[in-house]
Amino acid sequence: MTESKTYYKASLGLKNEIVGLVQEDYSSDFVLHLKNQADGMHFPSANCIAFLAKEFGFCYGVDKAIDLAYEARRKFPEKRIFLLTEIIHNPRVNQRLVDMGFVFLSGQYQHPTLTKSDITAEDVVLIPAFGTAASDFEFLRSKGCIIVDTTCGSVVHVWKRVEKYAREGFTSLVHGKFYHEETIATVSMAAKEGGHYLVVRNHAQADIVIDFLLGKLTGAELLTKFDPQAYSHGFNPEQHLNKMGVANQTTMLASESLEIAARIGDAIAQRDGALSRNEATNFRSFDTICSATQDRQDAVKSLLANSSLDLMIIVGGYNSSNTTHLLSVSQEFCPAYHIDDSTEILSSSEILHLPYGAAEPVVSTPWIPQVGERPLRVGFTAGASTPNKVIHDVVKRFVEIRGGTLS
């Protein structure tokens, strides 16, 4: 869609005016310095060496979304600016937008009285970086309001893929979380093209699909094993799992997405013969994990494989999918903790954190490994929605609870 006076997807022309504000709110020179320390940064007063993964924090899509939000506030100072939901999954960023006067229409920052029905042609509405469902977009167009679309380009790439699947008669099998904003938007793009979809969360749910494909499970039995929100209206496994195209939520664990696609393809080949897979007659698959997600996962693996870490701290919003997968990767190597911000490092003996797969954070004690007299080797990384300033605060807090200072 081309830009107009009521639809913006690129810069609003005020980048130079807001760049200083964005840097003040989210940047950290210390974090950039720590990133360049290949052998880690030694803090003798805390008897530890800190390492930072080479790829971490804000990705291009998040940078763009935040810039557009700040530009919108500057361009339309007198207008109400609505956000359909969190612009990204980071509490500091979303709270900052609340402080700037943005009105959230859902989620934990939701306005107590205003809803979508209150939007008028005089208002501005930001579509978050995850995108939004096709029906929501049409609703906003019908209102005639100004739309600032911060949808990440990687997400749009997935939309194009599932739209193509739908037009060519393939059901979209999406590796993701059916309740995640991005996946909700993605499957709506398949549905608007008249296509069907099924969302699988993990290997266990992929196994259910494989059992059906190999005749070990009936369609009715398959449906009982999925939440109704995970598949399209009128979804019939016997009819709609004959031809499948695999896609994924861009922030899922890359290795898991690839493995699920390969195993589904193998099952279809076993059912229909190798040609059905080799010539893409009944099965198609494209890796739609975003490069930033892959880069952060690869950087964590590299850090853990080469730095002999005793401990890993992962920083990011608890509802951030890409952050939880950094935890999943890390805990295979050493004790690892996912925290929201520095305040959750309660002391040298207690930490509030979200275990992988858990619904609520817990307090763990003790949490710092005992390594004798030598310096503790601790690694840090952060999800793609986490500001450098938050990472800075976390490193500072960790050093302080061990009796040291950053200087």
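The values are calculated or read from the model by the stated rules, or taken from the named source; none is laboratory data. What you see is a predicted model, and the numbers here were worked out from it, not measured in a lab. As a convention, Cβ positions derive from the backbone with ideal geometry for all residues, glycine included, and neighbour counts pool all protein chains shown. What goes into the accessible areas is simple: the full protein's heavy atoms, side chains included, and nothing from ligands, DNA or RNA. Shrake-Rupley method; radii C 1.70, N 1.55, O 1.52, S 1.80 Å.
Considering only residues that are in contact (Cβ under 8 Å) with a residue 60 or more places away in the chain and open to solvent by 10 Å² or more (accessible area, probe 1.4 Å), which ones fall in segment 130-148? Scanning segment 130-148 gives Gly144, Ile146.
For segment 303-372, the strands (runs of 3 or more DSSP E) that sit wholly inside it and include 2 or more residues that are out of contact with any Asp or Glu (no Cβ under 9 Å at 6 or more places or on another chain) and either open to solvent by 40 Å² or more (accessible area, probe 1.4 Å) or within 21 Å of Asn94 (Cβ to Cβ) (or both) are 336-339. Where strands (runs of 3 or more DSSP E) sit wholly within segment 167-261, those with at least 1 residues that are of a type in the set (Ser, Thr, Tyr) and farther than 25 Å from Thr85 by Cα occupy 171-175.
If you go through segment 43-100 and keep only what is more than 30 Å from Asn306 (Cα to Cα) and among the hydroxyl-bearing types (Ser, Thr, Tyr), you end up with Tyr70, Thr85. Taken as a whole, the condition of being modelled with pLDDT of 95 or more and in contact with a Ser or Thr (Cβ under 6 Å, 6 or more places away or on another chain) does not apply to Ala299. Pull up segment 373-400, narrow it to residues that are open to solvent by 40 Å² or more (accessible area, probe 1.4 Å) and outside any loop (DSSP other than H, G, I, E, B), then point me to the one that is nearest to Asn94 (Cα to Cα). For segment 373-400, the residue satisfying everything is Lys389.
Selection of first residues in segment 212-223 that are free of Cβ contacts under 8 Å to residues at least 12 places away in the same chain and of second residues that are β-branched (Val, Ile, Thr), restricted to Cβ pairs under 8 Å at least 6 apart or on distinct chains, gives the following pairs, ordered by first then second residue: Leu217/Ile208.
Scan segment 122-140 and give yes if some residue there is in a loop (DSSP other than H, G, I, E, B), at pLDDT 95 or above and among the charged types (D, E, K, R), otherwise no. Scanning segment 122-140, I find at least one residue that is in a loop (DSSP other than H, G, I, E, B), at pLDDT 95 or above and among the charged types (D, E, K, R), so the answer is yes. Number of residues in segment 169-189 that are touching a residue at least 60 places away in the same chain (Cβ under 8 Å) and under 13 Å from Gly245 (Cβ atoms) equals 8.
Residue selection: His353 satisfies the criterion of being farther than 23 Å from His42 by Cα and at pLDDT 95 or above. Taken as a whole, the condition of being within 20 Å of the chain's Cα centre (by Cα), touching a residue at least 24 places away in the same chain (Cβ under 8 Å) and surrounded by fewer than 22 Cβ atoms within 10 Å (Cβ to Cβ) does not apply to Lys192.
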